[in-house]
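The values are calculated or read from the model by the stated rules, or taken from the named source; none is laboratory data. What you see is a predicted model, and the numbers here were worked out from it, not measured in a lab. Cβ placement follows ideal geometry from the backbone for every residue including glycine, while neighbour counts extend to all protein chains displayed.
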């Protein structure tokens, strides 16, 4: 017990820090490694990122286990705020989704139209890996299926595989199965185990993926670090923060596009 | 891939990358503390089970043996709910901290240490009960002597507990949150690198983990022999 | 059955009257009566399953009987030797000093007395060795030293030399006699007829949980009365 206390004691004695529940895609893309040191220099505040699926990240916020939630599923975020768990949803940036598929594109789904691409995969019964974990990416995927008026998840189609895992593990699965998969561009660009996969659909405006940030409501959870959390949010949408986001690149390619509206 | 991982592991170790060192150090601290605290709970528990005639004895043995198979993820989930701000222990603020990870791992290692210690103590008791009775030792004296007589075996149990703790990923991932520089340990780092498709790097970290576990076991093996030799 | 009380003017150290012992349905002892007086050296003889070990364990208080009455010295004044000595995982000296320290004797004095006893048992040079690494004979001599150091009124031995080499058997026997000369009373179970002749002043011959003969050693071997004893002695001779 004393050991436990000693360890937690050192944790508490550290400089001001906040806990941010965010998504695996933002964490794994390397964005936080790029912008957090800049924020620390500006504010002196340490940011601890817990990377989860959007659904789980919102749940962590709902329980009061994080000070700030930074995710990408607009409908779920708005419900989070409407239910009183978040103070206000502030758009910060967007990236985009891409449809990844086998190099020889057996479903002939390549193009600029994501809905047409999904239909082609359905008709060809080509293997498709779904996150299946209620993440923002999963929510987006289900939205596109809805627009095709097809529903492989409910049909339990044999070629449609729900992995129930994060973006990276799902990409590993798709690489191993040589399957189609919807991914965010950031994770795809920093993903190393691509095997035979490549981008088949990109550039559709429907594929834009908006990120929003919210302070967990201190009225619900009194221990929320309101001031430090608000500072982080303010910095993200400030000119400095937005520039930091825009400057993050992998192999010369910009991953996130700041679009904060104050 | 494997050869690549070996080279990367060597590079990681020889570069003394502070991020890697802090991850390794946190792993050792968290799992070491969990094994020690687990032993402090498990040994009295095992000793009680060995000498008691209470009706709770048999249920406790079954409970201990059954909890050997506790999946770390379940322990992680339960501890997560306990430590969550809205949970019964939320006020401690232990979620996403090393203290919380230790707490979860204590739950994982205590049954192993207790179940094995019970076996060790019971075997020793079989051997010594006539001697103790004919020396008219009290129950408490017998127990003390049993613990002392089995001290070398109990040291190995501590290692078994440490081994389970440092190798598990499910509980520390859920309760620690794999926060870079704060709660990231070797196993969660391996899981992360795997999910980023950095398979060689993940394997390199895995090699370091295996290497550390082996080194600790070798050290303990010789420490045990030296202690024995010096003593005897 | 006649009692062979050799020292009539002293009261008995151990006295059993009609003692029975059973484990579930198996009757291990079927009514044993026995008196042992101070200074005696009593050998329990008989085939396996005759009840010798059970009798020793009852006297030592390791088990208790369901019927009959039993009087024996308090357990702190007894010591028991086993066929396989249960040695502690410590060095030789600590094994001997253990019993004394547990009885509240100060450690320095306990170690001095223990060293003297080890000396007598011919184990002086081994006092710092790990006890469980000793040879079988040395281990049994160590167990003897551990018994001796407490100056027991009553010494019990259950097949204490059964797994030893002949040279070690003789050393242990010599030490047992020496302990008895210093005032201990000895009751021992053995299969070794020669040992019974060499050590015992009296033979208690048992069969199937009963005492069949109880006589001075010379008388027993010279003229066994019961058929069981005659068979036993003959089988031993083959």
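Tell me which helices (runs of 4 or more DSSP H) are completely within the stretch B:61-178 and hold 2 or more residues being away from chain A (no Cβ under 13 Å) and over 18 Å from the mean Cα position of the chain (by Cα), or say none if there are none. Reasoning before the result, please.
Working: elements: B:72-83, B:98-134, B:139-149, B:151-167, B:170-176.
Counting at least 2 such residues, we get B:98-134, B:139-149.
Can we say residue B:201 is within 14 Å of chain C (Cβ to nearest Cβ), touching a residue at least 60 places away in the same chain (Cβ under 8 Å) and out of contact with any strand residue (DSSP E or B) (no Cβ under 7 Å at 6 or more places or on another chain)?
Working: within 14 Å of chain C (Cβ to nearest Cβ): no; touching a residue at least 60 places away in the same chain (Cβ under 8 Å): yes; out of contact with any strand residue (DSSP E or B) (no Cβ under 7 Å at 6 or more places or on another chain): yes.
Considered against the rule, which asks whether it is within 14 Å of chain C (Cβ to nearest Cβ), touching a residue at least 60 places away in the same chain (Cβ under 8 Å) and out of contact with any strand residue (DSSP E or B) (no Cβ under 7 Å at 6 or more places or on another chain), residue B:201 comes out as no.
Scan (1) in a strand (DSSP E or B); (2) more than 14 Å from chain B (Cβ to nearest Cβ); (3) modelled with pLDDT under 95 for the single condition residue C:42 breaks and write down its number.
Among (1) in a strand (DSSP E or B); (2) more than 14 Å from chain B (Cβ to nearest Cβ); (3) modelled with pLDDT under 95, residue C:42 violates only (3).
So, in the stretch C:45-63, how many residues would count as being more than 10 Å from every other protein chain (Cβ to nearest Cβ) and either in contact with a helix residue (DSSP H, G or I) (Cβ under 7 Å, 6 or more places away or on another chain) or not in a loop (DSSP other than H, G, I, E, B) (or both)?
Applying the first criterion (more than 10 Å from every other protein chain (Cβ to nearest Cβ)) to the stretch C:45-63 yields C:45-56, C:58-59.
Those left that are additionally either in contact with a helix residue (DSSP H, G or I) (Cβ under 7 Å, 6 or more places away or on another chain) or not in a loop (DSSP other than H, G, I, E, B) (or both): C:45-47, C:52-56, C:58-59.
Of the residues in that region, 10 qualify.
Out of C:156, C:175, C:186, C:126, which single residue is within 26 Å of residue C:220 (Cβ to Cβ), surrounded by fewer than 22 Cβ atoms within 10 Å (Cβ to Cβ) and touching a helix residue (DSSP H, G or I) at 6+ places or on another chain (Cβ under 6 Å)?
Values: C:156 fails: surrounded by fewer than 22 Cβ atoms within 10 Å (Cβ to Cβ); C:186 fails: surrounded by fewer than 22 Cβ atoms within 10 Å (Cβ to Cβ); C:126 fails: within 26 Å of residue C:220 (Cβ to Cβ).
That would be C:175, the only listed residue that is within 26 Å of residue C:220 (Cβ to Cβ), surrounded by fewer than 22 Cβ atoms within 10 Å (Cβ to Cβ) and touching a helix residue (DSSP H, G or I) at 6+ places or on another chain (Cβ under 6 Å).
Determine, yes or no, whether residue B:27 is under 30 Å from residue B:144 (Cβ atoms), buried (at least 21 other Cβ atoms within 10 Å of the Cβ) and either in contact with a helix residue (DSSP H, G or I) (Cβ under 9 Å, 6 or more places away or on another chain) or without any contact (Cβ under 8 Å) to a residue 12 or more places away in the chain (or both). Outline the logic, then answer.
Numbers: under 30 Å from residue B:144 (Cβ atoms): no; buried (at least 21 other Cβ atoms within 10 Å of the Cβ): yes; either in contact with a helix residue (DSSP H, G or I) (Cβ under 9 Å, 6 or more places away or on another chain) or without any contact (Cβ under 8 Å) to a residue 12 or more places away in the chain (or both): yes.
For residue B:27, the condition - under 30 Å from residue B:144 (Cβ atoms), buried (at least 21 other Cβ atoms within 10 Å of the Cβ) and either in contact with a helix residue (DSSP H, G or I) (Cβ under 9 Å, 6 or more places away or on another chain) or without any contact (Cβ under 8 Å) to a residue 12 or more places away in the chain (or both) - is not met.
Of the conditions (1) within 14 Å of another protein chain (Cβ to nearest Cβ); (2) assigned to a helix (DSSP H, G or I); (3) under 14 Å from the mean Cα position of the chain (by Cα), residue C:84 fails just one. Which one is it?
(2)
Does at least one position in the stretch A:218-227 carry a residue that is in contact (Cβ under 8 Å) with a residue 12 or more places away in the chain and within 19 Å of the chain's Cα centre (by Cα)?
No.
Mind checking whether some residue in the stretch C:135-145 is within 13 Å of another protein chain (Cβ to nearest Cβ), buried (at least 19 other Cβ atoms within 10 Å of the Cβ), touching a strand residue (DSSP E or B) at 6+ places or on another chain (Cβ under 7 Å) and under 30 Å from residue C:18 (Cα atoms)?
No: zero hits.
What's the number of the only condition in (1) crowded, with 18+ Cβ neighbours inside 10 Å; (2) farther than 25 Å from residue A:49 by Cβ; (3) within 14 Å of chain B (Cβ to nearest Cβ) that residue A:193 fails to meet?
Here residue A:193 clears every test but (2).
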